[in-house]
Amino acid sequence: MKKTFSLLLVVTLLLVFSQSSFANDVDTVSSKNELTLEERSIILNEIGIKEDELKYYSTEALRYLIENNAVKLSVSEPQDYFLQSEHSEEIGTRDLTKSDITLYANAFEVNSDVPGSKKIYIYGSYTWEVKPLFAFTDKMSIGYPVTNEWYLRTSAGNILGHESNNCNYKGQWSCTKSTVPSNHDIGQGVAAAYDIWADSNFKQGDLTQYVYTTKKEGKSNILLRYGHRYLTGSVGVSVYPSGLAVTPATGTETLDYNITITWN
């Protein structure tokens, strides 16, 4: 019995270490290694994004920040979350995992393309640290109070300045991009949908939105909320006093990441 238990423990630990090693290997194809030395210097020393935060940004997003003279408006750190749906009473590798998913968000003032208005670039991302037991379509939202009086640019009835990327890793990265929100409220935020593959080893995605304001200075809270569906059905989105956000519901776990920004 003891030999069997010891064997199971060794196998479990090997799986955990191998998963950790795999995550490090995947990091080598992340955006931080696609930047030039000059670009890295600007991001780290002028814009102020930390070294360990680079992996939560796409290369495209980082280069956009450089090209548009970004000024960081918030102080934020990546946050790890434990998902109840990923754990059972049985002993397994996931019980030894520190976290299941990491959320990160930040906001920047960038060069404005609208005279008389400031342009704020809001960026949020998720990174799965484990293979989810339940693989459905998740959603992530960016919400803010309507009292901010922020506005979104539109054209022909469409929201402009929106982008979401959904990436799954299975031997190589497979990414899809959308410029159309899955849900939106013109004065309180946007949301995006993400197809989580059951058989991929690593999953990462982001959500960006430009907002505009005629206020020369101000302060605001921004809510990034991730909704993971672990039962059949779809993730809903509602409007709250804090802005548009994924709706907590039976079969949907929601994780909140809050930031405070100041612009002047």
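Test of understanding: among Leu73, Leu65, Leu44, which residue is touching a strand residue (DSSP E or B) at 6+ places or on another chain (Cβ under 7 Å), farther than 17 Å from Tyr257 by Cβ and either at pLDDT 95 or above or of a type in the set (D, E, K, R) (or both)?
Working: Leu73 fails: farther than 17 Å from Tyr257 by Cβ; Leu44 fails: touching a strand residue (DSSP E or B) at 6+ places or on another chain (Cβ under 7 Å).
Residue meeting the stated conditions: Leu65.
Conditions first: (1) surrounded by 21 or more Cβ atoms within 10 Å (Cβ to Cβ); (2) of a type in the set (A, V, I, L, M); (3) not in a strand (DSSP E or B). Met140 passes all but one, so which condition is the exception?
Evaluating Met140 over (1) surrounded by 21 or more Cβ atoms within 10 Å (Cβ to Cβ); (2) of a type in the set (A, V, I, L, M); (3) not in a strand (DSSP E or B) leaves (3) as the failure.
Would you mind telling me which numbered condition in (1) touching a residue at least 40 places away in the same chain (Cβ under 8 Å); (2) over 25 Å from Lys131 (Cβ atoms); (3) not hydrophobic (A, V, I, L, M, F, W, C) Ser155 fails?
Just one mismatch for Ser155, condition (1).
Can you name the residue in the range 88-120 that is charged (D, E, K, R) and modelled with pLDDT under 95 and is also surrounded by the most Cβ atoms within 10 Å (Cβ to Cβ) among such residues? Let's see the steps before the verdict.
Initial filter on the range 88-120 (charged (D, E, K, R)): 89-90, 94-95, 98, 100, 109, 113, 118-119.
Those left that are additionally modelled with pLDDT under 95: 89-90, 94-95, 98, 100.
Working: Glu89: 5, Glu90: 7, Arg94: 21, Asp95: 13, Lys98: 8, Asp100: 23.
The qualifying residue surrounded by the most Cβ atoms within 10 Å (Cβ to Cβ) is Asp100.
Only one of Lys203, Lys215 is of a type in the set (Lys, Arg) and in contact with a Pro (Cβ under 9 Å, 6 or more places away or on another chain); which?
Values: Lys215 fails: in contact with a Pro (Cβ under 9 Å, 6 or more places away or on another chain).
None of the others qualify; the one that does is Lys203.
Identify, from the list Thr154, Thr262, Thr254, the residue that is loosely packed, with under 15 Cβ neighbours inside 10 Å and under 23 Å from Glu53 (Cα atoms). Spell out the reasoning first.
Details: Thr154 fails: under 23 Å from Glu53 (Cα atoms); Thr254 fails: loosely packed, with under 15 Cβ neighbours inside 10 Å.
When all the criteria are applied, what remains is Thr262.
Test of understanding: among Gly124, Gly189, which residue is at positive phi and buried (at least 19 other Cβ atoms within 10 Å of the Cβ)? Talk me through it step by step, then tell me what you get.
Values: Gly124 fails: at positive phi.
None of the other options fit; the residue is Gly189.
Working only within the range 53-90, note down all residues that are touching a helix residue (DSSP H, G or I) at 6+ places or on another chain (Cβ under 7 Å) and polar (S, T, N, Q).
Selection gives Ser58, Thr59.
It is to be established whether one or more residues within the range 186-209 are touching a residue at least 40 places away in the same chain (Cβ under 8 Å), over 17 Å from the mean Cα position of the chain (by Cα), in a strand (DSSP E or B) and within 22 Å of Ala70 (Cα to Cα).
no
The values are calculated or read from the model by the stated rules, or taken from the named source; none is laboratory data. The model shown is predicted, which means the values in this text are computed figures rather than measured ones. Glycine also receives a Cβ, built like all others from the backbone with ideal geometry; neighbour counts cover every protein chain displayed.
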